[in-house]
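This report refers to the structure that appears directly beneath it.
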Amino acid sequence: MTPKQLLRRVFPPMLASLAESPPRDATTWSYELKYDGYRAICAIVDGEHAMLSRNELDLSQRFSRTFAALQKIKAKEIVLDGEVVVVDEHGTPRFQLLQQGGEERLILFDVLWMDGKDLRKLTYVERRAILEKLCKKTPAGIEVSQQLTLSGDAALAHAAKAGFEGIIAKKNSSVYESRRSKEWLKIKAIQQQELIVIGYQPSNHSSLEIGALHLAVYEDSELRYSGRVGTGFSAKQRVWFQKELSKDVIPKSPAADAPRERDATWVRPRFVAQVAFTEWTSDHRLRHPSFLGLREDKSVKEVVKEEPVATPKPRGRATAHPRERASARPTVTFTNPDRLLYPRDRILKRDIAEYYEALSGPLLKALRDRPLSLEHWNQGIDKPSWFHQHLGKEAPSWLTTIDTPARVSERGTVKHLIADSVESLRWLAQMSVLTIHMWSSRSQNLEEPDWILFDLDPAKGKGIEQAIEAAIVMRGLLENLELPSMPKTSGKRGIHVFVPIAAGYSHEQVVEFACAIGAAVAGQVPGITVERSLAKRRGRLYLDCLQNGYGKTVVAPYSPRAIDGAPVSAPLEWSEVTKKLDPKKFNIKTMANRVAKKGDLFAKMFAKKAKLPVLSR
């Protein structure tokens, strides 16, 4: 079997649907940068190579340097999906450079076939893991697409800032389908559209050049006029178009709704242009278009106006505890950005907003669907704070909230915030929220917690070393019970130990289990107590098991704390829980780099959920 024969087995490639915004359920989607180039599906069979476009055009001569790099990959039998791009001096792909030449790169984002096995029925996450393992060492000029460990909104903002066209959202459970799918979504930071060239305007400067191109798309099998583009061309391109289009002149516009242009020359549709623009007008015209280049890999008949599909919403919204979600896109008016919140560290309100945005991916995953309680420091950490649970009229209507039944309060219900977007985190920064407290259960089922929490609180005057000693003892006991666990710093002196648990346990069951474990530990280690009274602790560490009750909260992972240095509550690997552990090194200035290096440790905790063992009495 030749490489091209193998490619025919997997064609056509999977395509993404256009969406206006990223999916709201951050836990079931992953995000990659959208690379602006030519789709390239590559096959290797016993040392022979092939590289085809989505329309089965041979790209080996068109991108000879990329094909040469591909030939350095040695594999028995494999099919890889990717994009050929040409990058600028900053390493950013630019579609217009494809025609001008420059540094080529092949960006790989999927693997479809390997050694006789069709991988397309595996999930995206499984295929991505195989691809990354295969591509640990790649020839120069070949890379794996960048995956963004951010929320969808933050990923899109990152793409825009870096100069990329946008992002691709891929559902983690999606299989590879030979069609356009809603389980792959493209969300654009910069509007672009493929358009059909149906005519041109002459140049005012030279009869050898075009001045502008007339454009159209197909709609219900007929061409519909979409406006004209007169910017973005090089002088060489203007001359080339004049020469080529003069071969295709026809007596009238191929689009029936085209306006009467005095000097327009209409042509037979043959070329597809890539055009950037700001928006579509109400009369179906491009606003502020700019020519990027020709799409040699797309046929005229493929070109339709891209209409965004509905953005997927999270499933399982609680009916007993309804959440309120605004329909309009939220906006936050950010005031007093230079307000000094950490005087000794010169940390401003805007710094907190930037931190929340930088950590929005893992933070929003941790907070997803959880009622929150908030601590505000409007005048900085040297002034009194105020605690906030019930969102009243001071909160904007677009925030997502949940009415939680109160078991003690006479109010009946408490309206808690649910943070589910970058803008909701920006609102927290605007409100000078420096500590976020979250429930252990989610809105879909407030009565069932996701974890057991052991809150290790050192005695007054003691440091984190007392909590470290207790955490190590706690880990050993949990391992004996075959229970997975994960530590995190409280952001101050304490350590929190989490045990992720399967669904079906009530808060009362979890409190009972946690307190039984706590009592067993306290009975064996003199330095640990489950006594809540400060007076009776007598210098011992307090192991709090009651924080597992309904409506109880814990400081959220990645949340800042209102003390000097702006430390944050940091998820840890157990290997880091040693005498050398310094909670202050995890702060708003260092946390983004840590997450980039180690990943989202808190999210990894939920990879394995435990059933609680029966404790002997």
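The values are calculated or read from the model by the stated rules, or taken from the named source; none is laboratory data. If you're wondering where the values come from, they're calculated on a predicted model, not measured in any experiment. Positions of Cβ are generated from backbone atoms using ideal geometry, with glycine treated the same way; all protein chains shown enter the neighbour counts. In case anyone asks, the SASA skips ligands and DNA or RNA and just uses the protein heavy atoms, side chains included. Shrake-Rupley method; radii C 1.70, N 1.55, O 1.52, S 1.80 Å.
Label zone of Arg344 (point 7 Å out along Cα→Cβ, amide N under 14 Å): in the stretch 554-571 this covers 562-567. Between Phe606 and Lys117, the simple label model (points 7 Å from Cα in the Cβ direction) yields a spacing of 2.8 nm.
Quick one: grab the alpha carbon gyration tensor of the stretch 412-526, order the square roots of its eigenvalues as a ≥ b ≥ c, and give me rounded if a/c is under 1.5, else prolate or oblate depending on whether a/b is larger than b/c. Because a/c hits 1.5 or more and a/b fails to exceed b/c, the stretch 412-526 counts as oblate. Extension gain for the segment Ala520 to His284, taken as residue separation times 0.36 nm less the Cα-Cα distance, is 77.8 nm to one decimal.
Taking the helices alone, the chain has a mean residue ellipticity at 222 nm of -6000 deg cm²/dmol, built from -39,500 (n - 2.57) per DSSP H run of at least 4 residues and averaged over all its residues.
Take each peptide in 4-11, 451-458, count the other Cβ atoms within 10 Å of every residue, and average; sorted highest first, the result is 451-458, 4-11.
Shape of the stretch 151-233 from the C-alpha gyration tensor: oblate (a/c of 1.5 or more and a/b not above b/c, with a ≥ b ≥ c the square roots of its eigenvalues).
Expressed as a whole percent, the accessible surface of the chain that belongs to carbon and sulfur atoms is 49, based on a 1.4 Å probe. In terms of the Cα gyration tensor, with a ≥ b ≥ c the square roots of its eigenvalues, is the stretch 221-288 rounded because a/c is under 1.5, prolate because a/b exceeds b/c, or oblate? Judged from the Cα gyration tensor, the stretch 221-288 comes out oblate (a/c at least 1.5, b/c at or above a/b). Highest-first packing order for the peptide set 334-342, 425-433, 539-547 is 425-433, 539-547, 334-342, based on the mean count of other beta carbon atoms within 10 Å.
Once the chain from Glu302 to Gln100 is taken as fully extended at 0.36 nm per residue, the excess over their C-alpha distance is 70.3 nm.
Within the chain, all pairs of alpha-carbon atoms sorted by distance into 10 Å bins from zero give the percentages 3, 14, 21, 21, 17, 13, 7, 3, 1, 0. Cysteines of the chain lacking any other cysteine Cβ under 4.7 Å from their own Cβ: Cys42, Cys135. Think of a 1.4 Å ball rolled over the protein heavy atoms: the chain then has 46 Å² of accessible area per residue.
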